[in-house]
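Here the structure comes first, spelled out in structure tokens, and everything after it is commentary.
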Amino acid sequence: MTTVELATTALAVGGEAIAREDSGRVVFVAGALPDEVVRAEVVEERKNHARAIVVDVLTPSKHRVEPPCGLVAHGCGGCDWQHVAEPSQPLLRRSLISDVLQRQGKVHNPTVLAGPKLSADHLRTTVKGVADSEGRFSLRRRRSHDPIHIAGCLITHPLVQEIVETSTFAPGANVTIRVGARTSERLVIVGPSAAGSSVPSDVLLVGADELRAGRRAWFHEEVGGRRWRVSAESFFQASAQGADALVSVVRDYVDRFGSGAGLGIDQESGPGSGSTSAPSTGSGRLVDLCCGVGLFGGVLGESSSVRQIVGVERSASSVSDARHNLADIDARIIKVAMEKWRPSPAEIVVADPARSGLGASVVKSVGATGARLCVLVSCDPASLGRDTSLLVDEGFKHKSSTVLDLFGHSSHIEVVSAFER
Ligand SMILES: C[S@@+](CC[C@H](N)C(=O)[O-])C[C@H]1O[C@@H](n2cnc3c(N)ncnc32)[C@H](O)[C@@H]1O
């Protein structure tokens, strides 16, 4: 492999730094920051771009630090931004999102705000890994499939770390650890089976084979003032504090822009009027698109101005949890892939899709609800850019984005954006 000297200029959506070779070819440099000179090993070459990994930093950025977690020096590949100073991480995330909204989203001078301050350390309540040859919970090493035991990990919650340090599994097993930080309930899922596992006595241990055979297993978490049942196969946010922050930003946007959406105010015409910017019906309906276990719908459904929640979700396990979790409010959870969802009139759509984003057909469906407010929760900058552009074409105007730092020491970005029409 070739080693090259590169001067980096900007941050790419994947968290790497961008450099341009004399030929004009772009190089994405993992482990580098903007405004650095680095020596890097080229690991992938394409016609228009290449990928490289930092070997040596010749001129460091002012944002660069020694990784605070000792596991990085031993090769742990769990966090890709350990070399970025903790106070700089939110700044870099915001500047990246501002850039994406302008370049891809066609938003001139976007408002991009900082979310609630969150610690980067010891928050993570879910971690997926593999058992090493001694059966110890491990992540993968950087640029390798080899496992590295993560005793002393900086980001995992203490309830997770205790399982990491005291449990053993069959070598090579796939292990997912999930805990409720506020309930202390703990669940460990082991694939292909839980045979040969030893975990602390309070932990609910379940094999992937048992789940496939229909066994139900769950833990509970408390977020946004409500208690959530989360089944082994259901998505839940990666920390309780992060989920609280996310819920509070979404709720703030609904409070701030939702009155203009007509919540609780009866109007005459709805999406059936044929206009793409049809006014809302005033039914007080809020769609929670990709609702998971019902997090946003459950919290927003407690508001007196929201009369009904419609949850849309593809996973059977999450649908079952959402129906259970939202049993005390007027909520209808539809088990359907969002691409096949048939929209009904609503005032507000809160959408929290997977990394691939909403895409063109689902943005059309959002428009067809007649909603005047769409609150989009994005976990991938590139899909945020694409969805923003589609929402703008659908007649929505970008009002504001808030960038959350849910994944400290990682380039992973979570953004909540409000779009109004
Ligand atoms: C990022 S999670 C958000 C869940 C929930 N809003 C929360 O905060 O806990 C995305 C959810 O979308 C669901 N999902 C993924 N693709 C989907 C699709 N095509 N149609 C419907 N739901 C989908 C996943 O099962 C998952 O529950």
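Values for this structure:
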quantity	calculated
Some residue of region 95-105 being assigned to a loop (DSSP other than H, G, I, E, B) and at pLDDT 95 or above	yes
Any hit, region 359-371, residues being closer than 26 Å to ILE413 by Cβ and touching a Cys at 6+ places or on another chain (Cβ under 8 Å)	yes
The lone exception for ALA217 - which of (1) away from the ligand (no atom under 14 Å from the Cβ); (2) surrounded by fewer than 19 Cβ atoms within 10 Å (Cβ to Cβ); (3) at pLDDT 60 or above; (4) more than 18 Å from LYS128 (Cβ to Cβ) it fails	(4)
Qualifying residue in region 183-191 (condition: in contact (Cβ under 8 Å) with a residue 40 or more places away in the chain and either within 14 Å of the ligand (Cβ to nearest atom) or over 24 Å from the mean Cα position of the chain (by Cα) (or both))	no
Neighbours by Cβ (under 8 Å, 6+ apart or cross-chain): first from region 367-386, closer than 12 Å to ASP352 by Cβ and touching a residue at least 40 places away in the same chain (Cβ under 8 Å); second within 15 Å of the ligand (Cβ to nearest atom) and aromatic (Phe, Trp, Tyr)	VAL375/TYR253; VAL377/PHE296
Evaluation of ALA360 against (1) over 13 Å from GLY284 (Cα atoms); (2) surrounded by 17 or more Cβ atoms within 10 Å (Cβ to Cβ); (3) of a type in the set (A, V, I, L, M) (one fails), failing number	(2)
VAL363 being over 22 Å from the mean Cα position of the chain (by Cα), aliphatic (A, V, I, L, M) and more than 10 Å from the ligand (Cβ to nearest atom)	no
Verdict on GLY196 being in contact (Cβ under 8 Å) with a residue 40 or more places away in the chain and part of a loop (DSSP other than H, G, I, E, B)	yes
Wholly within region 285-397, helices (runs of 4 or more DSSP H) carrying at least 2 residues that are among the hydrophobic types (A, V, I, L, M, F, W, C) and closer than 27 Å to LYS106 by Cα	359-368, 381-393
Region 1-50 - residue that is over 20 Å from LEU96 (Cα atoms) and among the hydroxyl-bearing types (Ser, Thr, Tyr) and, of those, modelled with the lowest pLDDT	SER23
Members of region 106-157 that are of a type in the set (S, T, N, Q) and either part of a strand (DSSP E or B) or surrounded by fewer than 20 Cβ atoms within 10 Å (Cβ to Cβ) (or both)	ASN109, THR111, SER119, THR126, SER133, SER138, SER144, THR156
Region 317-339, residues that are touching a residue at least 60 places away in the same chain (Cβ under 8 Å) and either near the ligand (Cβ under 10 Å from one of its atoms) or surrounded by fewer than 18 Cβ atoms within 10 Å (Cβ to Cβ) (or both)	SER317, SER318, ASP321, HIS324
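The values are calculated or read from the model by the stated rules, or taken from the named source; none is laboratory data. Fair warning: this is a prediction, and the values are worked out from it, not measured in the lab. Cβ: placed from backbone, ideal geometry, glycine included. Neighbour counts: every protein chain shown.
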